[in-house]
Amino acid sequence: MRAMPFLQFPQGFQWGAATASYQIEGAYDEDDRGLSVWDVFSHQPGRVVNAEHGDVACDHYHRYREDVDLMARLGLQTYRFSVAWPRIFPFGYGRVNEKGIDFYQRLVDALLEKNIQPALTLFHWDLPQGLQDLGGWANRDVADRFAEYAALLYERLGDRVSRWITLNEPLIFTQFGYRLGWLAPGISDLKMTAAAVHHAMLAHGKAVQAFRASGRAGEIGITNANTSFEPADDSPETLRATELARDFETRLYHGPVYGKGYPQAVLDYYASEDAPFPIEPGDMEVIASPTDFLGVNLYSRQRVLPDDARGVGYRAAAPTLPLLPMGYEAAPHSLGDFVRWVSKEYGRPKIYITENGVCDNTEPVNGAIDDHLRIELLQGFLAGLHGAIADGADVRAYYEWSLMDNFEWSFGYSKRFGMVWTDFATQARIPKKSAAFYSEVIRRDGLDA
Ligand code: BGC
């Protein structure tokens, strides 16, 4: 008899884990791979903690078979990974590199052999440097180059991959890459940011259209970065500020996909700063090309207050919950809250949680890693998700970020998100306690409340 109520997930719900090319592959100059913006950025002084980079990372390029075996041992039913665009087109366009295609074919075949469904992200931030040299996402042509790259992958991998994600988190790679300069390519320019946002959304739409034109069976969608915004108090000003936060950070990247356009407040703000969105006739229709699912990434919440001194009209309120090593709050209720909100806002789309997880830097003691904080928070996230599904959200899969510790962008290797410990000196993989916890969730299709 079970002592605790059991949170049973719906029949057919899929359990997976996620990674991204630059964060795990290494082999940055092998088999004719071109350079990406991250190769260049991470080797510039002062960009990444401890001057770390992804030259070797988890060496997954050479160890993918063992990594797939590990996934099978954990019981994963699906695996989300990304393709490094510069492995396929070393310069971003023009010459195709067969060795790059071959790697992903071998990876996908290895997954299928183990009955693990591949979910392929076309772009997880490693833009070919050849395209950056032409202006990167700020140059409108990038949208066509992306659609060509996507079409080639549909052709060469579409017989065995049926779940496609166009872009990972346009909010992050545009705002942090072109406005704040904290991520590659490290630019701080509002005009370029507006252009990058619009061209990224346009690239998404064109890649969706190319997928339909390819005639391949399967499904395609976008993955956005999300925060669950909460008003810090009940005043009308704060409620309004919370809607502004949602406009700038959520609706800007979801609205156009669902035919609602860019939020007016955001367009007005950029125009007032002499950085208008470079929208051409027909663009919004392309961006609104129907998708099959919505990919949701979520890690935390943020309380919001009004702030008229800032052009955007809102700011983050002081945290009230314990902070995680990433600097944001440990807020496991945020996943269920956000899923309820986004499901309602966009007419109950089919949702995949394409990323959710916890940074927990617990080190091995006698070869064992007791990452109980990660387990505790995962339990909370999953319980919240279960509640949102019970309330009617159509969530079909959950991908834990991440399979293993990896290169955490400008934090280098100092932040560990893996369920599996990566020993970066020996490349040993050691499943943590959270991996055992997650395997149990998968085996039982749910967890104790
Ligand atoms: C990104 C991942 C990253 C994770 C954890 C997400 O924004 O898609 O690449 O590692 O957050 O910070």
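Quick notes on this one:
- Net charge over other residues, Cβ less than 15 angstrom from the Cβ of H62 (K, R count +1; D, E count -1): -3
- Full extension of the segment from V365 to A72, taken as 0.36 nm per residue of separation minus the current Cα-Cα distance, would add 102.9 nm.
- Within the chain, helix-based [θ] at 222 nm, where runs of 4 or more DSSP H residues each add -39,500 (n - 2.57), nearest 500: -11000 deg cm²/dmol
- Whole-angstrom gap from the range 26-71 to the range 405-431, using each part's C-alpha centre: 12 Å
- When peptides 15-23, 106-114, 375-383 are ranked by their average number of other Cβ atoms within 10 Å per residue, the highest-first order is 15-23, 375-383, 106-114.
- Global form of the range 13-444, assessed from the alpha-carbon gyration tensor, a/c cut-off 1.5: rounded
- The chain: Lys pairs at Cα distance under 28 angstrom, eight or more positions apart or on different chains: 14
- For the range 104-114, 3J(HN,Hα) computed residue by residue from phi via the Karplus equation (6.51, -1.76, 1.60; θ = phi - 60°) reads 6, 5, 5, 4, 5, 4, 5, 5, 5, 4, 9 Hz, glycine and proline entered as x.
- Backbone amide hydrogens, once placed in the peptide plane, bring A225 within less than 5 Å of E169, L171, I172, excluding anything fewer than 5 places away on its chain.
- Rounded to 5, percent antiparallel among DSSP beta bridges of the range 13-444: 20 percent
- Count Lys and Arg as plus one, Asp and Glu as minus one, and take only other residues whose Cβ is under 13 Å from that of L183; the net charge is then -1.
- Net charge, T78 excluded, C-beta distance under 12 Å - Lys, Arg +1, Asp, Glu -1: +3
- Euclidean distance between Cα centres, the range 98-146 to the range 272-312, Å: 24 Å
Since every read-out is calculated from the coordinates, none of them should be taken as a lab result. Keep in mind that this is a model prediction, so the values were computed, not measured. Heads up, the Cβs are rebuilt from the backbone with ideal geometry, glycines too, and the neighbour counts pull from every protein chain shown.
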